[in-house]
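S.K.: Sharing a structure here in structure tokens format.
The values are calculated or read from the model by the stated rules, or taken from the named source; none is laboratory data. It should be emphasised that the depicted structure is a prediction, and the values quoted were computed from it without experimental measurement. With ideal geometry, Cβ positions are generated from the backbone for all residues, glycine too; neighbour counts draw on all protein chains shown.
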Amino acid sequence: MKTRSVAWGRQVLPPATLFLLGLIVALPLWGAGLLNTRGGGDSPFLLLRVHQLAADLRAGHFPARWMPDAAYGLGYPFFNYYAALPYYLAAILHVIGIDLLGAVKLAQTVFSVAAPLAAYGWARRHFEGRAAAWLVGAAYAVAPFHLVNLYVRGDSLSEFAAFAFYPLLLWGLDYLAEKPRARRMVFPALAYGGLILTHNISALIFSPFAFLYLLAQVGRTSKDRRRLLALGVTAFGLGLALAAGFWVPALLETDRVQLTAQTTGYFFYGEHFRGTDLIQRSLRFDYEIGEGRTPFAMGLVQATLTALGVVVLLARWGCHRRVRWIEGVGLAGLALSTWMITPLSRPLWDYLPLLPMVQFPWRFLSIQSLFAALTVGTLATGHRKGAEDDEEPPRPLRLCGGTTAFPWLIAVALAVSLAVAGLGDLRPDYVPISAEEFTVERLQLYELFTGNVGSTIRYEYLPREVVPRPWTGPSLFDPDRPPEARPLEGTLLAARETVHEPVRRVWEVTVGEGGAQVAFPLYWWPGWRATVDGEPVEVDPAPDSGWATVPVPPGQHTVTLWLGRTPLRAGAEGVSLLAALVLLLLILPQRHRGHGVFSISPLSKRFSVFSASLWVSLLCVLCSLPLLAPRYEARGEGDLTMDFEQMPLLHHNPGGLDFGPVRLMGYEYSADRLSPSEPLRLAMEWAGETAELTATVRLVSPAVHLRRLPDGWAEVQVPLEPRVEAVLPVPEWAAPGLALVAVEVEGPEGRLPPRLPSGRTLGTIYLRPVWVRAAEPPPGEALATWAGGAVRLHRVHTAQPTPNLLEVRLEWSATRPLVSNWGVNLRLVDPADNEWARLDAQPGYGFLPTGLWPVERRLPDRYVLPLPDGTPPGSAYTLEVTLYRMATWEKLGTITRSVPLTQTTLRPDAPVRAALGGGLALSRMEVPDRVRQGETLRWTAWWLVQDEPQAAQAEWRLEGPTVLSATLPLAPGSDPADWPVGAWIAGKAALPIPPAAPPGSYTLTLTLRNAAGRSLGTYTHPQAVEVEGRERVWELPPMGREVGATFGGMIELAGYDLEREGTTLRLTLHWRALTTPDRDYKFFVHVADPATARPVAQVDAMPRGYTYPTGVWVAGEVVSDQVEVSLEGVPPGTYDLAVGWYDPETGERLEARDAVGNLLPDGRVVLPDRVRVP
């Protein structure tokens, strides 16, 4: 009996204590509300993903590929590209009855426990004593990067869960190597497939390590090497096949979504290597993110113990003159994973395909954590005895009938030190929210406030056709308006949505005569299908928005849309199902002699010990956590706030929002639906010392928050009292849609930052949103009408509140429902066409998208253009307002308005480079150091007014191998005589460099002259300007066809070469300049119908892909240019091949003449070769 209890204790206590350690690691998750992470407040991503996945599962959408309520309510295929196995666990828990918060926390806890248990199971196969294996599991559980994925990177449940699969996969390979049998492939295959389905990036970076581990196993095996290698590779293949339903569509359908933002900017790997900051300096791990602080590093205690383990292993090798294979593999894995984190691995990141998709080199800290834990574990004991281990392990004091105390003392001491270092400075904060409050509306508000799309911080995985990206959606723009279908073409008389399910929508529509192409508020993606009254029809994306469009005949009809499987997805899911069946067949018991009908595998026996003593207890304890954990009970909406820096999810503030000496206890709106010119009355309740404190309350567009614009719609300051009311008038130019209310508190010494209970400061506080209605009809007159009369621009108003800002207010209206989301370009130029400000955005910076405009309503729109320091004052500026298609840059219309700038930059203390006279001095110059032949040299000179200025002009001379000169105004459109004393004025100047200008070094000289032409002073710029020559060709190459046609008397088509490969024509055109063309022209190549001259395929471009425009050519120069014309989709027939030139500004073609001077019709040359399309 004693022997059995001792054996039970030796087997169960180590994993049981690791289970408890996993619970301790996850314990901070179980506070009231949602744990707030420090990686940008992105922990709500967990709720969003599980919420949406659970909705899919309830609707029978499996495997889930669509996030139905994200992308501002229009849905997008997030789950098709994001490995979500841990989220399936949480979603299933939610579906079976556990609340959303509890399901997320329970899934996190499961993997918190699973990781150390898996590491223990793997290490137990290699260590003689259980203490060392236990230490490996403990070190792995509290590895800093393991905790970072839980408490800092709030959306990293998948990466956190991958920690459990790393040791499981290596354990499975050990199990296979022990007895290379086909049935033993199941373990590593399931582990590898699970890793891929859990986190594809982790699978990508760990796969080379796992395969090298297999090769190490093969190398140490004395027999059956080929069999082991074959079975190991097959196990990897089965794992890949098992996960094929995910990774095959995710990889092969990347061209159907937008992924360009995944490896740029912050996500560029080159910004995230670790050098001297690889190891933190503090004993307790610092989880804060800030200036000079990063949690994406090793902990000091972790690094120290790992280094100590390395030293011990090296010493052991020196004593015994041999290397145990697991030690070699462990140190090699540690070294390789560490190297991948440092800049030394940069060449691999630069040239290895797919590796840049990892984004952050410090992601290898996860793999390093495993091998570091293995290395630390060697400090507690020797290795398992075997053929390569002859010596006896040390035998100090024994406990528990044979368990030695010395290794356990070491293991416990080291584990405690690692745990204290890892958990000692955690200081968690919580988002006070109840599970019931995370609704679709709250989800979409979180998207809008953060600027995210779904649960990615940019707009990854949006369908490719969704251009431009959205910033709001129908229900956020007007929550009181039901879902609305819109006609892309034809007349839509009525539309009503009758069924709204995650991947199925049903509409009752009535269409006018001639039918209509109806767009539904749903993003198109391959797989969406539709029927009209049960008859299948094509579903296409709407241009400039990506909404799903369906052709509907006249009359009343029922339109059903649903997401089905594409052949690729169906085939990939079939492969996964087949792999699962193969693994199931391998698992099924088989007949064996002497074992009766069935036998149980040794693996099952090994698992039965855990299932009897540990796993049942684990499940019971875990299942009770959601019942025992504290919950937050919501109490109304009067304390809801959000901030961008820490807690962007709208949440409560139990006990009030802490501003230091005062707390905001609650607030109340007079109304949350407002009209322009209607006041918003905000009543606030404060507690604490309110004396000498004021509150600044602002009503702003979301664009002010996300684009960091300088001001909002309305602002008021009120002295703080226990109860105070702020009145914010909604201006008449406030755009319709969602608006934000910001609150800041100021004291005698400045702004008082709001704080969390942990002491961390919050950003600007925003209360729950309000909405502004578009209630007024538009004014009768329109300055411009564009897009076939659908869009009217009624007003353009400008104001310059400061020298550095130009406010532009526009007023739009729509005459019919629009589906497309177009862009607005604002461009401010002076009389010399120098550009001083430019802005490209959707109306309202994306929060007033044309695709959501109500019909026949006044739509105010406001922009703030930053002006550079020194922008000259003057009344001759021109503002260009252009409406255009953002996907193609096609202009839909442009209007210009004269704009005065009245504010002047004053910098009387600006430095003086040259005092020139006439009250003027040259303060600064920025001149390029080189320019190429045919380009324009552009520079800026800053003038300082020291005294009453005179009218003056600048004579500029560029002297070198030749002399180029020009007399220019100091600042085009601005009279120096009007500049005040102390003004600091930026003047832009330009000097065209002729294409034939001799290359060489030139000097730029300024002579300032008064109105009479008298010199007021000179200045020579000390930096030379290098005019670079161009490589030019003067001899015609051999040509397949000679032509000799000319265009505008400036360009000759000497000849061409023509090749064809499949559906691609390769036409090499050999041009010769008869003189220098007077501007940059575009050429066209048409494959045209001989009867109508209408092109069926064409290319329009400037020479050499816009890199060698005609304006830089010189007389006699030969320019050869290869053009590729695609014949894809061209109907069968015989076609002409025609070439010509035109002015891109006016579209007017150059006159074309043949080799003998005959005028050719239509400004084009028809080449002698014809194109035949079979």
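S.K.: Being assigned to a strand (DSSP E or B) and modelled with pLDDT of 95 or more is the filter here, so list the residues in region 1017-1032 that pass it.
M.R.: We begin by selecting, within region 1017-1032, every residue assigned to a strand (DSSP E or B); these are 1017-1020, 1025-1028.
Once the filter is applied, which keeps residues that are assigned to a strand (DSSP E or B) and modelled with pLDDT of 95 or more, region 1017-1032 yields 1018, 1019, 1020, 1025, 1026, 1027, 1028.
S.K.: Next up: Please determine whether any residue of region 540-554 is over 18 Å from residue 819 (Cα atoms), more than 28 Å from the chain's Cα centre (by Cα), assigned to a strand (DSSP E or B) and not assigned by TED's automatic domain parsing to the domain that holds residue 68.
M.R.: Taking region 540-554 as the starting set, the residues that turn out to be over 18 Å from residue 819 (Cα atoms) are 553-554.
Next, from what is left, pick out any that are more than 28 Å from the chain's Cα centre (by Cα): 553-554.
From the residues that got through so far, the ones that are assigned to a strand (DSSP E or B) too are none.
No, there is no match, as no residue in region 540-554 is over 18 Å from residue 819 (Cα atoms), more than 28 Å from the chain's Cα centre (by Cα), assigned to a strand (DSSP E or B) and not assigned by TED's automatic domain parsing to the domain that holds residue 68.
S.K.: Give the residue, chosen from 630, 676, 648, that is within 36 Å of the chain's Cα centre (by Cα), within 26 Å of residue 432 (Cα to Cα), modelled with pLDDT of 85 or more and part of a loop (DSSP other than H, G, I, E, B). Steps first, answer last, please.
M.R.: On the way: 630 fails: modelled with pLDDT of 85 or more; 676 fails: within 26 Å of residue 432 (Cα to Cα).
Within the list 630, 676, 648, the selection yields 648.
S.K.: Mind listing just one residue for me: the one in region 1096-1126 that is in contact (Cβ under 8 Å) with a residue 40 or more places away in the chain, part of a strand (DSSP E or B) and of a type in the set (A, V, I, L, M) and, of those, nearest to residue 1067 (Cα to Cα)?
M.R.: Among residues in region 1096-1126 that are in contact (Cβ under 8 Å) with a residue 40 or more places away in the chain, part of a strand (DSSP E or B) and of a type in the set (A, V, I, L, M), the one nearest to residue 1067 (Cα to Cα) is 1123.
S.K.: For region 267-294, which positions are under 30 Å from residue 424 (Cβ atoms), under 23 Å from the mean Cα position of the chain (by Cα) and of a type in the set (Ser, Thr, Tyr)?
M.R.: 294
S.K.: Continuing with the same structure: Scan region 185-193 and give yes if some residue there is hydroxyl-bearing (Ser, Thr, Tyr), under 30 Å from residue 302 (Cβ atoms), assigned by TED's automatic domain parsing to the domain that holds residue 302 and in a helix (DSSP H, G or I), otherwise no.
M.R.: So the first thing to find is which residues in region 185-193 are hydroxyl-bearing (Ser, Thr, Tyr), and the list is 192.
Right, trim to under 30 Å from residue 302 (Cβ atoms) and you get 192.
Next, from what is left, pick out any that are assigned by TED's automatic domain parsing to the domain that holds residue 302: 192.
From what is left, the residues that are in a helix (DSSP H, G or I) are 192.
Among the residues of region 185-193, at least one is hydroxyl-bearing (Ser, Thr, Tyr), under 30 Å from residue 302 (Cβ atoms), assigned by TED's automatic domain parsing to the domain that holds residue 302 and in a helix (DSSP H, G or I), which makes the answer yes.
Rundown of residues vs (1) in the same structural domain as residue 381 (by TED's automatic domain parsing); (2) of a type in the set (S, T, N, Q); (3) closer than 19 Å to residue 377 by Cβ, yes/no style:
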residue: 292; (1), (2), (3): yes, no, no
residue: 295; (1), (2), (3): yes, no, no
residue: 313; (1), (2), (3): yes, no, yes
residue: 324; (1), (2), (3): yes, no, yes
residue: 337; (1), (2), (3): yes, yes, yes
residue: 340; (1), (2), (3): yes, no, no
residue: 344; (1), (2), (3): yes, no, no
residue: 347; (1), (2), (3): yes, no, no
residue: 351; (1), (2), (3): yes, no, no
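S.K.: Out of (1) in contact with a helix residue (DSSP H, G or I) (Cβ under 9 Å, 6 or more places away or on another chain); (2) at pLDDT below 95, what's the single condition that is false for residue 945?
M.R.: Result: residue 945 passes all but (2).
S.K.: State whether the residues of region 176-183 include one that is assigned to a helix (DSSP H, G or I), of a type in the set (Lys, Arg) and either surrounded by 23 or more Cβ atoms within 10 Å (Cβ to Cβ) or at pLDDT below 95 (or both). So that I can check it myself, show each step before the final result.
M.R.: Kept after step one, since they are assigned to a helix (DSSP H, G or I), are these residues of region 176-183: 176-178, 182-183.
In the following step, the residues that additionally are of a type in the set (Lys, Arg) were identified as 183.
Then keep just the ones that are either surrounded by 23 or more Cβ atoms within 10 Å (Cβ to Cβ) or at pLDDT below 95 (or both); that gives 183.
There is at least one residue in region 176-183 that is assigned to a helix (DSSP H, G or I), of a type in the set (Lys, Arg) and either surrounded by 23 or more Cβ atoms within 10 Å (Cβ to Cβ) or at pLDDT below 95 (or both).
S.K.: Just the residues that are without any contact (Cβ under 8 Å) to a residue 12 or more places away in the chain and on the phi < 0 side of the Ramachandran plot, please, taken from region 802-854. Reasoning before the result, please.
M.R.: Restricting attention to region 802-854, the residues satisfying the condition of being without any contact (Cβ under 8 Å) to a residue 12 or more places away in the chain are 833, 835.
Result: 835, single match.
S.K.: Before we move on, is residue 407 within 23 Å of residue 202 (Cα to Cα) and either modelled with pLDDT under 90 or outside any helix (DSSP H, G or I) (or both)?
M.R.: Working: within 23 Å of residue 202 (Cα to Cα): no; either modelled with pLDDT under 90 or outside any helix (DSSP H, G or I) (or both): yes.
Judged against the criteria, residue 407 is not a match.
S.K.: For region 65-86, state whether one or more residues are of a type in the set (D, E, K, R), in contact (Cβ under 8 Å) with a residue 40 or more places away in the chain, part of a loop (DSSP other than H, G, I, E, B) and within 24 Å of residue 247 (Cα to Cα).
M.R.: Let us first name the residues in region 65-86 that are of a type in the set (D, E, K, R), namely 65, 69.
Now restrict to residues that are in contact (Cβ under 8 Å) with a residue 40 or more places away in the chain: 65, 69.
Those still in the list that are part of a loop (DSSP other than H, G, I, E, B) too: 65, 69.
Then drop every residue that is not within 24 Å of residue 247 (Cα to Cα), which leaves 65, 69.
Among the residues of region 65-86, at least one is of a type in the set (D, E, K, R), in contact (Cβ under 8 Å) with a residue 40 or more places away in the chain, part of a loop (DSSP other than H, G, I, E, B) and within 24 Å of residue 247 (Cα to Cα), which makes the answer yes.
S.K.: Follow-up. Does residue 727 count as surrounded by fewer than 22 Cβ atoms within 10 Å (Cβ to Cβ), at pLDDT 95 or above and assigned by TED's automatic domain parsing to the domain that holds residue 753?
M.R.: Values: surrounded by fewer than 22 Cβ atoms within 10 Å (Cβ to Cβ): yes; at pLDDT 95 or above: yes; assigned by TED's automatic domain parsing to the domain that holds residue 753: yes.
So residue 727 passes the test.
S.K.: Scan region 504-533 for residues that are modelled with pLDDT under 95 and either of a type in the set (Asp, Glu) or outside any strand (DSSP E or B) (or both) and jot them down.
M.R.: Passing the criteria: only 513.
Per-residue answers, yes or no, for (1) in contact with a Ser or Thr (Cβ under 7 Å, 6 or more places away or on another chain); (2) of a type in the set (A, V, I, L, M); (3) surrounded by 13 or more Cβ atoms within 10 Å (Cβ to Cβ):
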| residue | (1), (2), (3) |
| --- | --- |
| 995 | yes, no, yes |
| 1001 | no, no, no |
| 1006 | yes, yes, yes |
| 1013 | no, no, no |
| 1016 | no, yes, yes |
| 1034 | no, no, no |
| 1040 | no, no, no |
| 1043 | no, yes, yes |
| 1064 | yes, no, no |
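S.K.: Could you go through region 844-856 and let me know if any residue there is part of a strand (DSSP E or B) and not assigned by TED's automatic domain parsing to the domain that holds residue 701. Steps first, answer last, please.
M.R.: Going through region 844-856, the residues part of a strand (DSSP E or B) turn out to be 855.
With the extra rule that they be not assigned by TED's automatic domain parsing to the domain that holds residue 701, the set shrinks to 855.
Yes, region 844-856 contains a residue that is part of a strand (DSSP E or B) and not assigned by TED's automatic domain parsing to the domain that holds residue 701.
S.K.: A further question follows. Looking for whichever is surrounded by fewer than 20 Cβ atoms within 10 Å (Cβ to Cβ) and at pLDDT 95 or above here; the options are 830, 840. Which one fits?
M.R.: Details: 830 fails: surrounded by fewer than 20 Cβ atoms within 10 Å (Cβ to Cβ).
Being surrounded by fewer than 20 Cβ atoms within 10 Å (Cβ to Cβ) and at pLDDT 95 or above holds for just one of 830, 840, which is 840.
S.K.: For region 775-789, give me each residue that is surrounded by fewer than 18 Cβ atoms within 10 Å (Cβ to Cβ) and either aliphatic (A, V, I, L, M) or at positive phi (or both). Before you say what the answer is, go through the steps one by one.
M.R.: Of region 775-789, the ones surrounded by fewer than 18 Cβ atoms within 10 Å (Cβ to Cβ) are 775-777, 779-781, 783-785, 788-789.
Within region 775-789, 775, 783, 784, 788, 789 meet the criteria.
S.K.: Can you tell me which residue among 15, 44 is surrounded by 24 or more Cβ atoms within 10 Å (Cβ to Cβ), assigned by TED's automatic domain parsing to the domain that holds residue 251, over 30 Å from the mean Cα position of the chain (by Cα) and modelled with pLDDT under 95?
M.R.: Details: 44 fails: over 30 Å from the mean Cα position of the chain (by Cα).
Of 15, 44, the one residue that is surrounded by 24 or more Cβ atoms within 10 Å (Cβ to Cβ), assigned by TED's automatic domain parsing to the domain that holds residue 251, over 30 Å from the mean Cα position of the chain (by Cα) and modelled with pLDDT under 95 is 15.
S.K.: So which pairs qualify, if the first residue must be in region 417-435 and closer than 14 Å to residue 35 by Cβ, the second must be aromatic (Phe, Trp, Tyr) and surrounded by 16 or more Cβ atoms within 10 Å (Cβ to Cβ), the Cβ gap must be under 6 Å, and the two must be at least 6 apart or on different chains?
M.R.: Matching pairs, first to second residue: 432/632.
S.K.: Another question about this same structure. For residue 921, are the conditions met, namely being farther than 30 Å from residue 810 by Cβ and either of a type outside the set (Phe, Trp, Tyr) or surrounded by fewer than 19 Cβ atoms within 10 Å (Cβ to Cβ) (or both)?
M.R.: Numbers: farther than 30 Å from residue 810 by Cβ: yes; either of a type outside the set (Phe, Trp, Tyr) or surrounded by fewer than 19 Cβ atoms within 10 Å (Cβ to Cβ) (or both): yes.
So residue 921 passes the test.
S.K.: In addition: Being surrounded by fewer than 16 Cβ atoms within 10 Å (Cβ to Cβ) and in contact with a strand residue (DSSP E or B) (Cβ under 6 Å, 6 or more places away or on another chain) is the filter here; which residues of region 502-514 pass it? Step through it out loud before you land on a result.
M.R.: First, the residues of region 502-514 that are surrounded by fewer than 16 Cβ atoms within 10 Å (Cβ to Cβ): 504, 508, 512-514.
Of everything in region 502-514, those that are surrounded by fewer than 16 Cβ atoms within 10 Å (Cβ to Cβ) and in contact with a strand residue (DSSP E or B) (Cβ under 6 Å, 6 or more places away or on another chain) turn out to be 504, 508, 512, 514.
S.K.: Something else now. Kindly state which strands (runs of 3 or more DSSP E) lie completely within region 857-966 and contain at least 1 residues that are without any contact (Cβ under 8 Å) to a residue 60 or more places away in the chain and over 25 Å from residue 807 (Cα atoms).
M.R.: Values: elements: 859-866, 874-884, 891-901, 914-917, 920-926, 930-932, 936-945, 952-959.
Passing ranges, in order: 920-926, 936-945, 952-959.
S.K.: Identify the residue in region 264-292 that is outside any loop (DSSP other than H, G, I, E, B) and β-branched (Val, Ile, Thr) and, among all such residues, is nearest to residue 302 (Cα to Cα). Can you show your working first?
M.R.: Of region 264-292, the ones outside any loop (DSSP other than H, G, I, E, B) are 265-267, 269-271, 276-279, 290.
Subset that is β-branched (Val, Ile, Thr): 276, 279.
Values: 276: 16, 279: 9 Å.
Checking each candidate, the answer is 279.
S.K.: Another question, if that's okay. Go through (1) part of a helix (DSSP H, G or I); (2) surrounded by 15 or more Cβ atoms within 10 Å (Cβ to Cβ) for residue 315 and report which single condition fails.
M.R.: Result: residue 315 fails condition (2) only.
S.K.: Of the residues that make up region 1128-1148, is at least one closer than 20 Å to residue 1031 by Cβ, within 42 Å of the chain's Cα centre (by Cα), in a strand (DSSP E or B) and not polar (S, T, N, Q)? Write out each step before concluding.
M.R.: Quick first cut of region 1128-1148, residues closer than 20 Å to residue 1031 by Cβ only: none.
Scanning region 1128-1148 turns up no residue that is closer than 20 Å to residue 1031 by Cβ, within 42 Å of the chain's Cα centre (by Cα), in a strand (DSSP E or B) and not polar (S, T, N, Q).
S.K.: Tell me the residue from 492, 426, 488 that is within 30 Å of residue 281 (Cβ to Cβ), surrounded by fewer than 23 Cβ atoms within 10 Å (Cβ to Cβ) and either out of contact with any Ser or Thr (no Cβ under 7 Å at 6 or more places or on another chain) or not assigned by TED's automatic domain parsing to the domain that holds residue 790 (or both), please.
M.R.: Details: 492 fails: within 30 Å of residue 281 (Cβ to Cβ); 488 fails: within 30 Å of residue 281 (Cβ to Cβ).
Criteria check complete, one pass: 426.
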